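All of the numbers you see were taken from the coordinates with simple rules; none came from a lab. Just so you know, these numbers come straight off a predicted model, no measurement behind them. Note that each Cβ is placed from the backbone with ideal geometry, even for glycine, and that neighbours are counted across all protein chains shown.
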Amino acid sequence: MSEHLRETHRRRTFAIVSHPDAGKTTLTEKLLLFGGAIQMAGSVKSRKAARHATSDWMALEKERGISVTSSVMQFPYEDRIVNLLDTPGHADFSEDTYRVLTAVDSALMVIDCAKGVEERTIKLMEVCRLRDTPIMTFINKLDREGRSPIDLLDEVESVLGIQCAPVIWPIGMGSRLKGVVHLLSGEVHLFESGRNFTRQDSTIFASLDDPQLEARIGAEMLRELRDELELVEGASHPFDKAKYLAGQQTPVFFGSAVNNFGVQLLLDFFVEHAPAPKPRATTSREIAPEEEAFSGFVFKIQANMDPQHRDRVAFLRVCSGRFDAGMKAFHVRSGKDQKLANALTFMASDREIVETAYPGDVIGLHNHGTISIGDTFTSGEKLSFTGIPNFAPELFRRARLRDPLKLKQLQKGLAQLSEEGATQFFRPMMSNDLILGAVGTLQFDVVAYRLKDEYSVDAIFEPVTVSTARWVRGGTAKKMEEFREKAAMNLAIDAAGELVYLAPTRVNLQLTQERWPDLTFAATREHA
Ligand code: GDP
């Protein structure tokens with residue numbers, strides 16, 4: 001097998017999705033710990049906590065605390081290379097999460113055993129289901145009293161509409177938690193507080209029939225367990241890899257992230273069964289990761305990762321071929337070759353210069369405003385990866401400066417922050433207003449805060465009569481010309497220079513569409 005194939009097939013690129021507080025951060029940290037990427041438990045956490053303490057604006061900082069420094073975490077495990085992509089938890093950042101999910105090959109869903117399937121989980125699962133992303137499920141906090149495991153499986157099946165295949169089954173729960181059974185290997189792992197960090201540090205029995213097991217958990221519990229397993233076998237589905245890979249079945253694990261318990265069992269199973277990099281659709285053909293020619297797309301931009309240098313990093317997922325430091329790549333949207341110098345790799349929390357990267361890997365490109373979310377880079381072929389949308393914002397505000405002399409700074413800040421994709425920036429053709437669109441209200445607070453923090457601009461956002469935005473295309477040049485003239489009052493240019501119709505009301509939009517049947521009014525702008 002060629003080096004390229006070997007490297008590609010050992011990649012596992014995924015994201016963890018959960019409702020806030022289910023334990024995503026804790027689990028992330030434990031995975032990094034098992035992967036040897038960090039030395040001490042608590043570092044991901046304490047960063048989150050420190051952020052929390054130093055500002056009152058925690059929801060946001062909490063997000064940024066983890067997403068800024070660890071948007072992508074790469075670590076080796078066994079003979080695999082794992083790429084874990086972070087997703088923000090707050091609902092107002094859902095677009096960002098959506099785009100991260102376009103860059104992974106599978107997902108891990110974390111559920112709190114006391115709370116079951118929560119609202120954010122449902123939303124995120126919908127996104128995964130759109131692309132048939134394979135999903136593993138980790139039911140967390142087994143050290144606390146929770147709902148019955150069978151109940152939880154039922155809920156996942158009925159609410160999320162996906163078959164459950166339990167791989168790990170708990171023995172007791174909360175104060176009665178004794179351990180877990182691996183349903184595929186038959187092994188029994190005992191829960192021992194303060195231990196369970198590695199296999200060597202755990203008591204493992206080869207099967208339920210080991211005579212010592214009864215001595216450890218008691219005859220009654222063992223009997224209960226056998227009964228329960230019989231029930232589970234009858235009521236649930238056996239693990240079926242093809243169904244898992246097709247997104248129709250989720251293997252289910254039980255454990256306690258904070259106690260390291262069950263995490264390694266999950267990771268072992270994950271690196272063995274989760275998919276290696278998958279083919280990706282483009283406007284012209286499907287790109288297989290095995291292809292030698294380089295290609296990749298940008299799914300996220302982060303402004304001011306290092307505020308001292310006002311840098312903006314574009315996160316590119318490699319889809320085929322190999323990235324080599326300093327290579328030239330064709331930037332399809334601009335039609336120009338670009339030298340990809342000093343690209344970053346993300347080894348756990350440290351950034352370092354990347355030498356080579358393979359399909360499934362994510363590299364960070366320095367961006368001076370020429371790269372946008374959705375951009376494709378190739379070895380020369382003119383193609384564009386599809387499915388990375390820019391949503392039409394639903395909320396609009398006009399930016400107003402407290403200090404009018406800072407207008408230039410304000411424009412720059414709004415333009416640069418909107419490159420991240422969470423907000424969109426519009427300049428009406430007939431006025432000097434600066435209008436910001438977002439999907440959630442928190443975004444305006446975020447932008448106001450960051451304008452001050454990162455650009456020293458004091459701005460407030462006030463209401464404006466815009467109810468929705470549509471990207472306008474098509475028609476003949478003459479029709480377009482006519483439209484530009486007649487509708488000028490409601491037209492604006494977005495950050496990418498495209499024409500946008502800002503409709504004051506839904507009714508107005510409808511009437512305008514009826515009046516201009518030759519033009520298309522698109523609700524999303526897929527960057528092409
Ligand atoms: P996130 O918001 O999903 O990232 O959740 P966190 O990882 O921050 O966890 C939320 C809270 O649950 C924290 O207080 C954790 O310490 C706690 N937690 C995480 N895993 C466990 C667990 O296995 N058992 C218990 N009892 N608490 C846990």
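Using Cβ counts within 10 Å as a stand-in for footprinting exposure, how do T28, T465 rank, fewest first?
Final ranking by Cβ density, sparse to dense: T465, T28.
Can you compute the radius of gyration and Dmax for region 356-469, using only the Cα atoms, both in Å?
Rg and Dmax of region 356-469, Cα atoms, are 16.4, 49 Å.
Evaluate the distance, in nm, between pseudo-label points positioned 7 Å from the Cα of L401 and of E233 along their respective Cα→Cβ axes.
Label-label distance for L401 and E233, simple model: 7.4 nm.
Quick one: Kirkwood hydrodynamic radius for region 402-528, alpha-carbon pairs, angstrom, one decimal?
15.5
Where the centre of each part is set by its Cα atoms, how far does region 411-486 sit from region 222-299, in angstrom?
Taking the Cα centre of region 222-299 as reference, the centre of region 411-486 is 40 Å away.
Determine how many Å³ per residue the convex hull of the Cα atoms of region 140-233 encloses.
Hull volume normalised by residue count: 110 Å³.
Stretched out fully, how many nm does the piece from S185 to S207 gain, at 0.36 nm a residue minus the Cα gap?
Between S185 and S207, full extension yields an extra 7.1 nm.
Which peptide among 437-444, 332-339 comes first, and what is the full order, when sorted by highest mean count of other Cβ atoms within 10 Å?
Sorting 437-444, 332-339 by mean packing, highest first, produces 437-444, 332-339.
With label points built 7 Å along Cα→Cβ from the Cα atoms of D433 and M221, find their separation and express it in nm.
With each label point 7 Å from Cα toward Cβ, the separation is 6.6 nm.
Just need log10 I(q)/I(0) for the chain at q = 0.07, 0.11, 0.13 Å⁻¹, Debye formula, equal scatterers on the alpha-carbon atoms, no solvent, rounded to two decimals.
Log10 I(q)/I(0), no solvent term: -0.44, -1.00, -1.29.
Among M429, M109, which comes first, second and so on when ranked by fewest other beta-carbon atoms within 10 Å?
M429, M109
First measure r as the distance between the Cβ atoms of S158 and E498, then evaluate 1/(1 + (r/R0)^6) with R0 = 51 Å and state the FRET efficiency to the nearest 0.05. Don't skip to the end; give the middle numbers.
Working: r = 43 Å, r/R0 = 0.84.
Once the sixth-power term is evaluated, E becomes 0.75.
Can you give the % of DSSP beta bridges in the chain that are antiparallel, to the nearest 5?
Values: 78 of 102 bridges.
That works out to approximately 75 percent antiparallel.
May I have the convex hull volume per residue, in Å³, for the Cα set of region 193-335?
Numbers: hull volume 32.2 nm³, N = 143.
Each residue corresponds to 225 Å³ of Cα convex hull volume.
Looking at the P(r) of region 67-180, how many percent of alpha-carbon pairs lie beyond 17 Å?
Values: 3907 of 6441 pairs.
When all Cα pairs of region 67-180 are counted, 61 percent exceed 17 Å.
So how many Lys-Lys pairs in region 169-314 land under 29 Å Cα to Cα, not counting same-chain pairs under 8 apart?
4
At R0 = 35 Å, how high is the FRET efficiency between E272 and S148 if r is their beta carbon distance? Nearest 0.05 is fine.
According to the calculation, E is roughly 0.75.
List the DSSP H helices in the chain whose Cα atoms stretch 20 Å or more along the helix axis and whose mean Kyte-Doolittle hydropathy is at least -0.5.
Working: long enough: 219-235 (24 Å, -0.32).
Membrane-span-like by this criterion, though nothing is claimed about a membrane: 219-235.
Give the cross-link partners of K486 among the lysines, using a straight C-alpha distance below 26 Å as the criterion and excluding same-chain residues fewer than 8 apart.
K478
Can you check what the net charge comes to around L222, using other residues whose Cβ is under 11 Å from the Cβ of L222 (Lys, Arg +1; Asp, Glu -1)?
In short, -3.
Write down the Kirkwood hydrodynamic radius of region 280-378, to one decimal in angstroms, obtained as one divided by the mean of 1/r over all alpha carbon pairs.
Numbers: mean 1/r = 0.0735 Å⁻¹.
By the Kirkwood definition, the hydrodynamic radius is 13.6 Å.
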